[in-house]
């Protein structure tokens, strides 16, 4: 990705999104940025196995709808990530 492409994608963000810390989604090493990823829903990590979209969790006897609603968000809808080229 070239800076021009990154700039074009960043220009579509809201003022609130532009104030967020820049974060990457990928390994902790220097890589080329592949894309801007804006979350379309909240993500949670209730079991410490990696964050997943809230919609991936179905209430059951072990993990109720209240559990889903009150689990701290690992990331929120509208959060912006930079995906790294692999």
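The values are calculated or read from the model by the stated rules, or taken from the named source; none is laboratory data. None of the values given here were measured: they were computed from a predicted structure. Counting neighbours? That spans all protein chains shown, and the Cβs are built from the backbone with ideal geometry, glycine included.
Scanning segment 52-86 for residues that are assigned to a loop (DSSP other than H, G, I, E, B), under 19 Å from residue 11 (Cα atoms) and touching a residue at least 40 places away in the same chain (Cβ under 8 Å) yields 78, 79. Scanning segment 8-24 for residues that are under 22 Å from residue 85 (Cα atoms) and in a loop (DSSP other than H, G, I, E, B) yields a count of 7. The sole residue among 49, 5, 31, 27 that is part of a loop (DSSP other than H, G, I, E, B) and either surrounded by 10 or more Cβ atoms within 10 Å (Cβ to Cβ) or at pLDDT 95 or above (or both) is 31. For segment 34-46, the candidate set comprises residues that are assigned to a strand (DSSP E or B) and at pLDDT 95 or above; within that set, the residue that is nearest to residue 11 (Cα to Cα) is 43. Looking across segment 70-84, the residues that are surrounded by 11 or more Cβ atoms within 10 Å (Cβ to Cβ) and on the phi < 0 side of the Ramachandran plot come down to 71, 73, 74, 75, 76, 77, 79, 80, 81, 82, 83, 84. Residue under question is residue 8, and the condition is that it be free of Cβ contacts under 8 Å to residues at least 24 places away in the same chain, on the phi < 0 side of the Ramachandran plot and under 14 Å from the mean Cα position of the chain (by Cα); does it hold? The answer is no for residue 8.
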